[in-house]
1. Identify, from the list A92, A115, A79, A119, the residue that is farther than 19 Å from E59 by Cβ, crowded, with 17+ Cβ neighbours inside 10 Å and small (G, A, S).
2. When you go through E164, E142 one by one, which is the residue that is loosely packed, with under 12 Cβ neighbours inside 10 Å and at pLDDT below 95?
3. Would it be correct to say that V25 is closer than 30 Å to P110 by Cα and in contact with a strand residue (DSSP E or B) (Cβ under 9 Å, 6 or more places away or on another chain)?
4. Taking E41, is it farther than 29 Å from R95 by Cβ and part of a strand (DSSP E or B)?
5. What residue, among those in region 120-140 that are of a type in the set (S, T, N, Q) and farther than 19 Å from T170 by Cα, is nearest to the chain's Cα centre (by Cα)?
Amino acid sequence: MIPDEKFTESTLESRLVFDGKVLHVYKDIIGLPNGGTSMREYCRHGGAVCVVPLTDKGEVVCVRQYRYALSRITLEIPAGKLDSPDEIHEEAALRELREETGYRCGKLTPIGDLATSPALLTEIIYMYLAEDLTAGETDPDEDEFIEFVKIPLDEMVDMIIRGEIQDSKTQAAVLKVWAMKKKNG
């Protein structure tokens, strides 16, 4: 195996190109492992959480919403950005679950982290499985227009395989939960 230092790049110069509410675009000059230099453009993002809410009947509680960047309605699991860099991830997951679906959970299990687009974006999404659900009232953000739907876990996996669900966090988290459930019987 090639040692890690043979791949590591170093920052020589960093310039903020755009400073938005969610995305912060940088253009860096970097030192390459071979001694050369190059340029990298990327977005810094504060991170996010997503939750696979799984009912006692084996259904995933999903949200339907319009995604402006794609110009269409998507089917996704509940998710949202961290309110601050030091926000406790579990608390953010519980907040997003409640706000988007109205559900609260008795059991929240971390199932891994997802680097959404590591060539361009620093965003890490912290993924969770929520079980022992209790229904309640939704409380979406004022600029969110969503509805929640329940889909059996096996059916969601089939939808992912058929290409009907393109959202990466939903694919990764749902497939992980499905594999965990199959493995654990």
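The values are calculated or read from the model by the stated rules, or taken from the named source; none is laboratory data. Given the structure is predicted, the values throughout are model-derived calculations rather than measurements. A quick note on method: Cβ atoms are made from the backbone with ideal geometry, for glycine too, and the neighbour counts reach across all protein chains shown.
1. That would be A92, the only listed residue that is farther than 19 Å from E59 by Cβ, crowded, with 17+ Cβ neighbours inside 10 Å and small (G, A, S).
2. E142
3. Answer is yes for this residue.
4. Answer is yes for this residue.
5. Once the filter is applied, the top-ranked residue is T138.
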